[in-house]
Structure formats: C-alpha cells, structure tokens
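S.K.: Here it is: the structure, laid out below.
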C-alpha cells in the first residue's frame with residue numbers, strides 16, 4: 001500500500017492507496033512545532049482506527065510546502081515505516097514541463113495538482129485549490145504547466161477581517177440565502193462565499209481568454225462551499241493532490 005502526504009500551511013492530508021483504490025484518507029492541522037514522534041503517533045492511531053496495517057505500507061509519496069516539516073516527515077517515514085519517502089522536488093520525475101520564468105519557484109503541490117488534472121481530466125484545464133491561498137493553475141493541451149494566479153484564501157481572509165475589525169467575528173462559511181445580507185453573519189457570508197465565487201468567475205474568464213476553452217477542476221477544503229455558488233467549476237475532486245502524489249510515485253518506480 002502507498003501512503004500519500006500533502007503537507008500544506010494550514011492542514012495535512014494523508015491517504016492510503018491499495019492499488020488504484022484510496023482506502024482511507026484523513027485531514028489534520030499543520031503544527032510546525034510537532035516532532036516526528038508526535039506525527040507518528042497521530043498517523044499510527046489513524047491507521048489503527050481505519051484498519052490499515054502499518055506493516056503493509058510499502059511506499060511513501062509526499063509534497064511539502066512547509067520547509068521545517070520536510071525533515072520531520074522524512075524522519076517519520078524512515079523510523080516508523082522503515083521506508084525512504086519520495087518527496088516531490090528537484091530530481092523527481094513529475095511528467096510536467098514547467099513553462100514558467102523560474103521553475104524553482106513553483107510549489108510542489110502545484111506541480112502535483114497539474115499532473116493529476118491533466119492525467120485524470122485532460123487539457124487544457126484550470127485547477128483551483130481552495131486552501132490557505134486560492135491557487136489557480138493552468139495546464140496546456142499537452143500537459144505543460146503554464147503558470148496561473150494566487151489570491152488570498154477564504155479562511156485567511158476571514159481571519160484577517162476579524163483581527164482587523166473589532167465588531168466582526170468568525171462565522172460559518174456557508175452560502176447565504178441571498179446576496180443582500182440582513183445581519184452581520186449573512187453579510188459576511190455574502191462577502192466571503194459569494195465574493196470568492198465572483199473572484200473565481202472573474203479570474204477563470206480572464207484565464208480562459210489566454211488559455212482557450214478549458215475544464216475547471218476544484219479541490220481543497222472549501223471547494224464544496226464555493227463550487228455550488230458559481231457555474232464555472234466543472235468538477236470538484238477533493239482528493240486531487242493525493243491522486244497526483246500516487247501518479248508521481250508510479251512515475252519514479
């Protein structure tokens with residue numbers, strides 16, 4: 001079985017594949033101060049709860065955009081699973097040509113999502129990841145990574161708003177019944193959920209002007225919240241990154 005790990009700034013997604021099937025997956029908070037032993041106890045507990053024998057894990061594929069945690073999870077894989085992890089980065093085959101000014105600037109998660117988008121849905125395509133940032137990645141008809149756009153994330157924006165405005169507070173991120181809010185809660189939900197849907201629509205329109213007619217694939221924690229509020233998203237695939245990590249692992253065997 002293959003363990004896949006997507007380590008981002010806000011959360012960590014883990015998934016276990018048996019052959020082509022994703023048999024278990026989890027999402028937990030990114031905590032930079034935790035050590036390999038801490039994360040190992042968490043993961044091993046999740047394995048046990050899901051009935052996944054750690055002894056049957058025979059490969060690890062991971063992407064990490066949090067530099068301090070790269071070494072932490074490398075140690076975890078070696079000490080607890082007795083495996084050398086495949087870490088997406090320089091020297092790893094990805095099957096993705098980076099047609100950008102500085103390929104070294106492209107985050108591992110963006111490469112992984114671009115590969116998964118092209119291999120699973122074809123190109124040209126736009127992958128949108130709703131995470132700490134809202135990231136748009138453009139893939140050509142030939143599977144090249146062309147670049148994209150980065151905007152603030154929905155939760156990041158909410159947290160910034162509540163820190164800066166004394167009378168505003170955390171609200172549930174759900175679609176409001178109408179665009180015109182009648183309370184502080186619904187006005188904030190309108191601005192955040194419908195506002196970000198508008199941002200997505202505007203950027204997708206501009207990106208398609210340059211890329212041509214394209215499929216739009218959404219992933220990330222809030223994809224299921226934003227997607228129903230707009231008609232420009234064709235597919236929601238919450239496990240896109242984990243699937244991409246599996247594809248990259250297979251390319252390197």
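The values are calculated or read from the model by the stated rules, or taken from the named source; none is laboratory data. Here the structure is a predicted model, which means the values were calculated and not measured. Here the Cβ is made from the backbone with ideal geometry for all residues, glycine too, and neighbour counts use every protein chain on show.
S.K.: So residue 193 passes all but one of these: (1) at pLDDT below 90; (2) assigned to a helix (DSSP H, G or I); (3) touching a helix residue (DSSP H, G or I) at 6+ places or on another chain (Cβ under 7 Å). Which condition number does it fail?
M.R.: Result: residue 193 passes all but (1).
S.K.: Looking at residue 245, is it over 25 Å from residue 26 (Cα atoms) and either modelled with pLDDT of 95 or more or not assigned by TED's automatic domain parsing to the domain that holds residue 109 (or both)?
M.R.: No.
S.K.: Being under 22 Å from residue 249 (Cβ atoms), modelled with pLDDT of 95 or more and either outside any helix (DSSP H, G or I) or outside the structural domain of residue 202 (by TED's automatic domain parsing) (or both): is that true of residue 149 here?
M.R.: No.
S.K.: I would also like to ask the following. Based on what the data block shows, is residue 36 surrounded by fewer than 19 Cβ atoms within 10 Å (Cβ to Cβ) and touching a residue at least 40 places away in the same chain (Cβ under 8 Å)?
M.R.: Answer is yes for this residue.
S.K.: Here's another thing I want to ask about it. Can you pull out the residues in the range 173-193 that are within 21 Å of the chain's Cα centre (by Cα) and crowded, with 16+ Cβ neighbours inside 10 Å?
M.R.: 173, 192, 193
S.K.: Checking residue 227 against (1) crowded, with 18+ Cβ neighbours inside 10 Å; (2) touching a residue at least 24 places away in the same chain (Cβ under 8 Å): exactly one of these is not met. Which one?
M.R.: (2)
S.K.: Given the criterion in a loop (DSSP other than H, G, I, E, B), touching a residue at least 60 places away in the same chain (Cβ under 8 Å) and buried (at least 16 other Cβ atoms within 10 Å of the Cβ), identify the matching residue among 123, 143.
M.R.: Residue meeting the stated conditions: 123.
S.K.: Oh, and also: Just wondering, is there one or more residues in the range 154-165 that are over 19 Å from the mean Cα position of the chain (by Cα), over 30 Å from residue 139 (Cα atoms) and assigned to a loop (DSSP other than H, G, I, E, B)?
M.R.: Scanning the range 154-165 turns up at least one residue that is over 19 Å from the mean Cα position of the chain (by Cα), over 30 Å from residue 139 (Cα atoms) and assigned to a loop (DSSP other than H, G, I, E, B).
S.K.: Can you say whether residue 56 is surrounded by fewer than 16 Cβ atoms within 10 Å (Cβ to Cβ) and either in contact (Cβ under 8 Å) with a residue 12 or more places away in the chain or in contact with a strand residue (DSSP E or B) (Cβ under 8 Å, 6 or more places away or on another chain) (or both), as far as the supplied structure shows?
M.R.: In short, yes.
S.K.: Please go through the range 19-29 and give me each residue that is under 22 Å from residue 70 (Cα atoms) and in contact with a helix residue (DSSP H, G or I) (Cβ under 7 Å, 6 or more places away or on another chain), ordered by number.
M.R.: Scanning the range 19-29 gives 25, 26, 28.
S.K.: Moving on to the next point. Which of (1) assigned to a helix (DSSP H, G or I); (2) free of Cβ contacts under 8 Å to residues at least 24 places away in the same chain; (3) within 26 Å of residue 114 (Cβ to Cβ) is the odd one out, the single condition residue 73 does not satisfy?
M.R.: Going through the list (1) assigned to a helix (DSSP H, G or I); (2) free of Cβ contacts under 8 Å to residues at least 24 places away in the same chain; (3) within 26 Å of residue 114 (Cβ to Cβ), residue 73 breaks only (2).
S.K.: Can you give me the number of residues within the range 147-182 that are closer than 30 Å to residue 109 by Cα and in contact (Cβ under 8 Å) with a residue 12 or more places away in the chain?
M.R.: Summing the residues that are closer than 30 Å to residue 109 by Cα and in contact (Cβ under 8 Å) with a residue 12 or more places away in the chain in the range 147-182 gives 19.
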